[in-house]
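K.L.:
Below you'll find the structure I mean.
The values are calculated or read from the model by the stated rules, or taken from the named source; none is laboratory data. Note that this is a predicted model, so its numbers are computed, not measured. For neighbour counting, all protein chains shown are included, and Cβ atoms are generated from backbone atoms with ideal geometry for every residue, glycine included.
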Amino acid sequence: MIPPQDEALALIVGIVQITDDGLALDVAVAPEGLQVPYDEETAVSGAVQVRGRFSKVAEQIYFQGRIRGVMTAPCSRCLETAHTNFVVDTRVVFLPSTSDESRDESGLSSSDDLDLYFHDGLVVDLRALVRDQVVLAFPAQIFCREDCAGLCQVCGKNRNVEPCTCQAQEHDPRFAILQQLRLPRNS
């Protein structure tokens, strides 16, 4: 495997390197080289590993592989830093840019086919594909651990660190009038 690179040059592959038998790829790329969006709390930590195989049929280039790494974000329950692994299996087709398929300025197809990218006839650039897959791998919720107790709703203490003796308010006083409401029973 090639060590992590500041620039993701290892993800740019010359088409002439892809023989009839295909071409194997096994690289680790620093997240900075992929230009993955991040903020102060959410980021890809460590190198993103890309392992797969290219094959070629006429002018179409196929890539099938696996992308893996580690994400860091605040826990959705207690706000402590949480780490989660991601693994994405991908299959993609690179068509020549002279293809009749319509494209937008990012090089992606304007159709709904997410596994379709374009090449310039000389090189295949996997950076956009890897960046897209990493961003799509971010979970909606991330937890520091499965049994995370979260924060106390009254005092805000992290219940994973110390138990909380606060009495949670059982009912919202704004809805107290609804307790007096009696509905007819349907039998």
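K.L.:
Give me the residue from region 26-44 that is touching a helix residue (DSSP H, G or I) at 6+ places or on another chain (Cβ under 8 Å) and not in a helix (DSSP H, G or I) and, out of that set, modelled with the highest pLDDT.
P.N.:
That would be Val27.
K.L.:
Quick one: how many residues across region 50-82 are surrounded by 19 or more Cβ atoms within 10 Å (Cβ to Cβ), within 15 Å of Pro139 (Cα to Cα) and not basic (Lys, Arg)?
P.N.:
5
K.L.:
Which one of these is in a loop (DSSP other than H, G, I, E, B) and modelled with pLDDT of 90 or more: Asp147, Asp132?
P.N.:
On the way: Asp132 fails: in a loop (DSSP other than H, G, I, E, B).
Checking each option against the conditions leaves just Asp147.
K.L.:
Give the residue, chosen from Ser97, Ser55, that is at pLDDT 90 or above, under 19 Å from Val13 (Cα atoms) and of a type outside the set (Asp, Glu). Show your work before the answer.
P.N.:
Values: Ser97 fails: at pLDDT 90 or above.
None of the others qualify; the one that does is Ser55.
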